[in-house]
Amino acid sequence: MRPEISARTSPAAAPGWGLAMALAGALTAACGSRTEPAPPTVAGSGAPAAVATTDARPAAVAPTLAVRPLGHARADGLAWARGPGHGAFRRAEVAAAEERWDDVVTEARAARAADPDHLAAAWLEARALGRMGRLPEALAALEIAAAGDWPAYGEASLVVPELAALRAQPMGAAWLDLAERYRAAWATAAATALIVVAGDDVVAMTADGARWLPLTRTGGVVGVLRLPGRPRLAIVTGPALAVDVLDLGTGLGGKPVALPGARVTLRWRVGTSGEPWLEATTGDGRWSIVDATAGTRTKAPTKGAVLGPRLVVVDGRVRLSRLPILGVADVAGVAADWDEDGLASAARIGRGDRAITPPPGTFIDGDTVALSPGATAVAFAAVPPGRCPTADGVAAALVVAELATGRLHRLAPWTLGAQLDWLDERTTAIAAGGALTLQAVDGAPTVVPASMPLSLLGPSEAVACAPPPTPPAPVDAAPAPTP
């Protein structure tokens, strides 16, 4: 079934859409008819008028199109604005402004030859070819851009004027029919993906670890807070703090809501209706509902259960506050006798009767507790009292406990201030010092290669341990008196 070109297809409200539209606008502004509308916003409507072409030829048979691998194959693919093809892309933009369409195509292809991950170059090339009536070539370039970033380029391809002639052809009809499959593939991949902050943008690493999906595109991300069990993500941007909510299933966001001050805490809550909402406080103790659809903040109700942890943002740095870990809706609770430092000598997960105990000499750090996606295991930092190494050599470690048996897996040393999550049911993800490590429960660690810092929440608060005290040197026995 061919999707309607309607408000549903517009990604204009997605966080980072400004960059995509700025790149697309470089071509639209350069077109012969300077009154052509930009792609509609989420509130827009209707299909744009067709754009005149020079040699469009209807295809006799619609091509067979398939959903390509989504996103990028590596985290560095997201950094095309700093990559080797960006000089050629800038020249393509200049050529578009001067309506030199052949040069646009030449330079855009040069950009992609130097950097195959340069999605903006593929998108600019597709639109230029659409203007020139070279529709099969336009479709080939469009497939690259749309598969790499469907919410930005795929959805826009259904409405931009430069591709109207393509949409009117059998090959375009095949592309429109493919849109729903791309949407479903994106929603499935994003729902189970690991959320990663790469540099100052947000990406999603698919559960198989093979692909990286762009979620924001304009930078400025300070921190993220995922809604447990639902495909929603709160995204805090700076330096003037604001928060938006991204629908991971569609890649669309709303209207960023300003959060005054340098200290902000976010949390998700749910009431009797079962529909969750996002709340924020800016340090005065008063919580307000953040409505990213309307772009407003309103007073929060007194009733409602907290879903999952809280994200604390202070001066551009973030930390996760998990305690207490309550059992709400589909989120399993963690029962323990937490001390004033958030440590416990044992814990019970959900409704299970089996107590999870850390290795001898250590405690469970409550703010690191993370359940696996299928709730068969729990990962946490097992730390000595005070969380720092002791004089007798006890240090923090990453531990995974099997909930069915209580068996412990001591996986790796733990860095104070590290961030912890799960990639899949048997693989943990640890971010520390700008590096992301995938640690399998039954295997060796893998450091994710990247040219930009990677984290799971955003830049961590600076936390450091003082060097452990040096044990006093033994005192030699006094020499025997000389007779």
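The values are calculated or read from the model by the stated rules, or taken from the named source; none is laboratory data. Please read these numbers as outputs of a predicted model, since none were measured by experiment. Quick reminder, even Gly has a Cβ in these numbers, built from the backbone with ideal geometry, and neighbours come from all protein chains shown.
The strands (runs of 3 or more DSSP E) located wholly in the range 360-455 that include 1 or more residues which are of a type outside the set (D, E), surrounded by fewer than 16 Cβ atoms within 10 Å (Cβ to Cβ) and in contact with a Pro (Cβ under 7 Å, 6 or more places away or on another chain) occupy 408-413. A single member of L259, L266 is among the hydrophobic types (A, V, I, L, M, F, W, C), surrounded by 19 or more Cβ atoms within 10 Å (Cβ to Cβ) and modelled with pLDDT under 95, and it is L259. Screening E107, E155, E162 for residues that are at pLDDT 95 or above, within 23 Å of A73 (Cα to Cα) and of a type outside the set (S, T, Y) leaves exactly one candidate, E155.
Look at (1) in contact (Cβ under 8 Å) with a residue 40 or more places away in the chain; (2) surrounded by fewer than 19 Cβ atoms within 10 Å (Cβ to Cβ) and you find that V306 fails only one, number (1). Being among the basic types (K, R), within 17 Å of the chain's Cα centre (by Cα) and outside any loop (DSSP other than H, G, I, E, B) is a condition met by no residue of the range 259-266. Is the range 219-239 home to any residue that is of a type in the set (K, R) and touching a Leu at 6+ places or on another chain (Cβ under 6 Å)? Looking through the range 219-239, at least one residue is of a type in the set (K, R) and touching a Leu at 6+ places or on another chain (Cβ under 6 Å). Scanning the range 177-210 for residues being closer than 18 Å to E143 by Cβ and crowded, with 18+ Cβ neighbours inside 10 Å gives a total of 6.
Within the range 127-145, the residues that satisfy the criterion of being among the small types (G, A, S) and either under 15 Å from A97 (Cα atoms) or within 27 Å of the chain's Cα centre (by Cα) (or both) are A128, A141, A145.
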